[in-house]
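Take a look at the structure set out below.
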Amino acid sequence: MISSARYWFLITLVIIVYIAGMFVTLFENDSAQFAVMAMRMVQENDFFTLIKGTEEYLDKPHMHYWLAALSFKFFGIHDWAYRIPAILATLLGAYSCYGLGRLLYNNDIGRFSALIFMTAQTIVLSNIDVRTDAVLTGFTIFSIWQLVRYVETGKLVAILLGAFGAGMAFCTKGQIALVVIGISVLCHLAYTRKWKSLLNWKVFLALLVFAITIAPMLYAYYLQFDLHPEKVIRGKANRSGIFFIFWEQSFERLSGQGVGKNSSDYFFFFHTFLWVFLPWTVLALIAYWRRVKTFIKLRFQYKPQYEFLTLGGITILFFVISFAQFKLPHYMNILIPLYSILAASYLHSLYRYSKHTIIKVLLGIQYFVLSVVFIFVLLVCFHVFKFEKIHSYFILISLLAVITYFCLKREAYYMRIITLSVYSSLLLNGVMNTHFYPSLLKYQAGSTMAQIIHEENIPVDEIYKVSKNFSWALDFYNKKPVSILGPEELYEKHNIWIYANDDELERLANLGYHWHDQHTVDQFRITRLQARFLNPHTRQKILNKMHLVRLD
């Protein structure tokens, strides 16, 4: 379906885009926050305690932080080192998409599934704005692949690897991993009627491997919470970490209790999907609809050429998460491998059965997507954040020339769909990772101020703040969390630096404090972009300021 040379060339370009994003400044809040939590593990040599600022952290289990801390141990405390586990987990996820796609269909669909997965917008984003989802997604689809491989082949190594993957995913974000893995595998069992694979001694060995894999995480929770019932977490004492991760966590997310409610929109994940799966969104929606019609027509009778794992898993899981009262776009990431395999299988069927009319329509849609990306890139480079260096123009023109060549090249329509879709992702994320994000992060006060602190040789041990407002980027790039000083402690300190916003600086002045040395930087919540910020003519009107002053 696609030549090996073309395929590996595209994969290489995608990895280059990933690598380019490794060196971008960490985003506040979550990426920088999680990096600081992992940094503290290394600095304090305590890998069993999770601390968020000044508070005990119960919300998520330990695996993501352990992997980041391990990377810090090997490579030092750097933003690119923090991103290494996420990229490796994404590559594992891509290979697992290939393996599962090949197992359910054939080698071509497997390869295409991996390519779709790696270029889906939310997956690319998860490797620069690194949270727990990259590691979660990689191990979840790995587990599904291996468990289905066991169902189909009965191999012991497959079910043991599947159990290990499930354990790693559970240790990363809790119950949602087991829900996704369980529902996906059950859908496959229900469709293929291979229930006998569960009645085997190998299943008990797999449960043992799963238990061994999650044991360190449970022990860490036990040490931090179960041994200390006096700790008050989110206003409640007697919190059991083990009970929380096995029972309370997902119910809190579904109900909004503990973490709060941020959306009661039951269609939130539908309109979120329209952008998180770009540039493959329309292909996936058509694939889903056609597959639903096929199964209804067949009355869900088993046919070897079809699989129900992706369709059933997507349908049930999408329905479940849509009723959650706390929703964020990256919650969709764990379903992206299933969408990738479904979309790949549909496009392959169009090619196999020569559905030229539908292929032409899809090609037209992908040309439209590429056009929108092209316009967006020009706006970013020539209006939102204008190029400052002459070589940037040559690089952009070269990229556009290559894409134009493939747009005009005479080749099979399905080949154009694949190539142009991948180039849409590469163009968008290449510009985002090398130009947009670096320009945007100049307005993140913490990291910008950390650079000034380094240039001015200001001792990080003498920097304090006077409120509990988080300062994750400053904490990470100073390689030291900023300590908080109360009013009484402030009187006892001399010749110290205070990191403060406008209101806090005004309160210090009203209390009679004076300063002469002052550094001021722009501040904007960069993960919540607004049109007024993106417009350079109105940007200054909505910027806040952060200050670093040395008290006299």
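Brief remarks follow.
- On the stretch given as the stretch 204-257, residues that are farther than 30 Å from residue 154 by Cβ, modelled with pLDDT of 80 or more and β-branched (Val, Ile, Thr) total 2.
- Residue in the stretch 413-428 that is crowded, with 17+ Cβ neighbours inside 10 Å and either free of Cβ contacts under 8 Å to residues at least 12 places away in the same chain or of a type in the set (D, E, K, R) (or both) present: yes
- Counting only helices (runs of 4 or more DSSP H) that sit completely within the stretch 417-478, those holding 1 or more residues that are of a type in the set (D, E, K, R) correspond to 445-455, 472-478.
- Yes/no for residue 508 being among the aliphatic types (A, V, I, L, M), touching a helix residue (DSSP H, G or I) at 6+ places or on another chain (Cβ under 8 Å) and either at pLDDT 85 or above or assigned to a helix (DSSP H, G or I) (or both): no
Listed here are the residues, each with its yes/no results for (1) surrounded by 16 or more Cβ atoms within 10 Å (Cβ to Cβ); (2) assigned by TED's automatic domain parsing to the domain that holds residue 30; (3) in a helix (DSSP H, G or I).
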| position | (1), (2), (3) |
| --- | --- |
| 326 | yes, yes, no |
| 335 | yes, yes, yes |
| 339 | yes, yes, yes |
| 346 | yes, yes, yes |
| 361 | no, no, yes |
| 366 | yes, no, yes |
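- Selection count, the stretch 187-200, where residues are on the phi < 0 side of the Ramachandran plot and surrounded by fewer than 17 Cβ atoms within 10 Å (Cβ to Cβ): 7
- Residue within the stretch 26-34 that is in contact with a Leu (Cβ under 9 Å, 6 or more places away or on another chain), more than 19 Å from residue 171 (Cα to Cα) and not in a helix (DSSP H, G or I) present: yes
- Condition met for residue 206 (free of Cβ contacts under 8 Å to residues at least 60 places away in the same chain, closer than 13 Å to residue 166 by Cβ and of a type outside the set (Lys, Arg)): yes
- Test: residue in the stretch 392-410 that is among the small types (Gly, Ala, Ser), in a helix (DSSP H, G or I) and crowded, with 19+ Cβ neighbours inside 10 Å: no
- The stretch 40-72: number of residues that are assigned to a helix (DSSP H, G or I) and surrounded by 16 or more Cβ atoms within 10 Å (Cβ to Cβ): 13
- Filtered residues of the stretch 149-170 (kept if of a type outside the set (D, E, K, R) and free of Cβ contacts under 8 Å to residues at least 24 places away in the same chain): 153, 157, 158, 161
- Helices (runs of 4 or more DSSP H) fully within the stretch 101-161 counting 3 or more residues that are closer than 20 Å to residue 415 by Cβ: 107-119
- Inside the stretch 435-477, residues that are free of Cβ contacts under 8 Å to residues at least 40 places away in the same chain and of a type in the set (D, E, K, R) make up a count of 4.
The values are calculated or read from the model by the stated rules, or taken from the named source; none is laboratory data. Worth saying up front: this structure is predicted, and the values here are computed from it rather than measured. All Cβ positions, glycine included, derive from the backbone under ideal geometry; neighbour counts span all protein chains shown.
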